[in-house]
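Structure, as structure tokens:
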């Protein structure tokens, strides 16, 4: 019986079921992707963690197979903000395309804060 099933063609993808990607799962992909960008760090206070205000923080809107993203990030002191934001945007687009299969309509990256060197472990200006 197993041999018959192994050689049988798969049913049409539309007949196999539905993929439902939850907003929270997409937001987690976005946060993980932004942290892959050089210069982006986790940042927050203990009270902020309790209130869910840590950075990076993502707000996603999934409509069918399309997604729009707004993400707030914290960037280490001395990094070029535009370049870091552009790199974070690319990481988010790539991660969403490969991990969720959703079509990315828009990714807005907002640099919410710059982290001073004493909080990132760097000493002064970072050259890239």
With respect to residue 58, determine if the residue is on the phi < 0 side of the Ramachandran plot and either at pLDDT below 95 or crowded, with 20+ Cβ neighbours inside 10 Å (or both).
yes
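Being within 30 Å of residue 75 (Cα to Cα) and at pLDDT 70 or above, is that true of even one residue in the range 8-23? Quick ask: steps written out before the conclusion?
Going through the range 8-23, the residues within 30 Å of residue 75 (Cα to Cα) turn out to be 21-23.
So of that shortlist, the ones also at pLDDT 70 or above come out as 22-23.
Checked the range 8-23: at least one residue is within 30 Å of residue 75 (Cα to Cα) and at pLDDT 70 or above.
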Scanning the range 70-92 for residues that are part of a strand (DSSP E or B) and touching a residue at least 40 places away in the same chain (Cβ under 8 Å) gives 70, 71, 72, 74, 75, 76
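The values are calculated or read from the model by the stated rules, or taken from the named source; none is laboratory data. Only a predicted model underlies this, so the values are computations on that prediction, with no experimental measurement involved. Cβ: placed from backbone, ideal geometry, glycine included. Neighbour counts: every protein chain shown.
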